[in-house]
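The structure under discussion appears below in the form of structure tokens.
The values are calculated or read from the model by the stated rules, or taken from the named source; none is laboratory data. All figures in this text were calculated on a predicted structure; none of them were measured in a lab. No Cβ is skipped: glycine too gets one built from the backbone with ideal geometry, and neighbour counts run over all protein chains shown. Areas reflect the complete protein model, heavy atoms only, side chains present, ligands, DNA and RNA absent. Shrake-Rupley method; radii C 1.70, N 1.55, O 1.52, S 1.80 Å.
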Amino acid sequence: MYKRQFVLNIWEGIMSLKGVRNIPLFIFYTLAIWACYFLHFYFTFYCFAFTAHLGILAALVMFVGGTFAVIVPTPNGAGPWHFAIISMMMLYGVNATDAGIFALIVHGIQTLLVIVLGIYGSLHLALANRAKK
């Protein structure tokens, strides 16, 4: 039952793309959002001495692994994302405590950013709709 509903939900999401007026702009914004997520993750390496030696390839490996970890149905990936990032950082020589601090701070900042931008977007949309009336 749940598998069927899951597949139907994915199909519904794919079919909703028919309603997008400007597909190239949609693709651009989608790629830009992912690029910003990645750059935020990568630039955060330079905020800590224990991750400053990690390069862009390490960031890409961790980012992709963390992206798959977020698929686990938990609120905003909390838990699986941290586990994935901490585990991969340990493979790159970062100790568990430092990796945990990094994961907690990065995830917290990203979550805060999503909340703040979500509030801004909701208010902007409400004001734009109000102005149309």
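Helices in the chain that qualify as membrane-span-like (whole DSSP H runs, Cα extent of at least 18 Å along the helix axis, mean Kyte-Doolittle hydropathy of 1.0 or higher) are 23-44, 56-69, 96-132. Note on region 67-127: Cα-Cα pairs beyond 16 Å make up 53% of the total pair count. Full extension of the chain between Ala126 and Ile109 yields a length gain of 3.6 nm, computed as 0.36 nm times the residue separation minus the alpha carbon distance. Here the label points at Lys3 and Ala32, each 7 Å from Cα along the C-beta direction, are separated by 4.0 nm in the simple model.
For Lys3, a cut-off of 16 angstrom between C-alpha atoms picks up no lysines at all, skipping any fewer than 8 places away in its own chain. Given a 1.4 Å probe and the protein chains as shown, Trp81 ends up with an accessible area of around 20 Å². Of the two radii for the chain, the radius of gyration is 1.05 times the Kirkwood radius, both from the alpha carbons; that is the Rg over Rh value.
For region 1-73, the Kirkwood hydrodynamic radius comes to 15.0 Å, computed from all pairs of different C-alpha atoms. The residues Arg21, Arg4, sorted by heavy-atom accessible surface at 1.4 Å with ligands and nucleic acids left out, run Arg21, Arg4 from largest to smallest.
Give me the base-10 log of I(q)/I(0) for region 58-98 at each q in 0.20 Å⁻¹, Debye formula, one uniform scatterer per Cα, rounded to two decimals. The Debye formula, applied to the Cα set alone, gives -0.54. Remark: the chain carries a charge dipole of roughly 760 debye about the Cα centre, counting +1 on each Lys and Arg Cβ and -1 on each Asp and Glu Cβ.
Solvent-accessible area of Val114, all protein chains in place: 80 Å² (probe radius 1.4 Å, heavy atoms, ligands and nucleic acids excluded). For the chain, the 222 nm mean residue ellipticity estimated from helices alone, with every DSSP H stretch of n ≥ 4 adding -39500 (n - 2.57) and the total spread over all residues, rounds to -25500 deg cm²/dmol.
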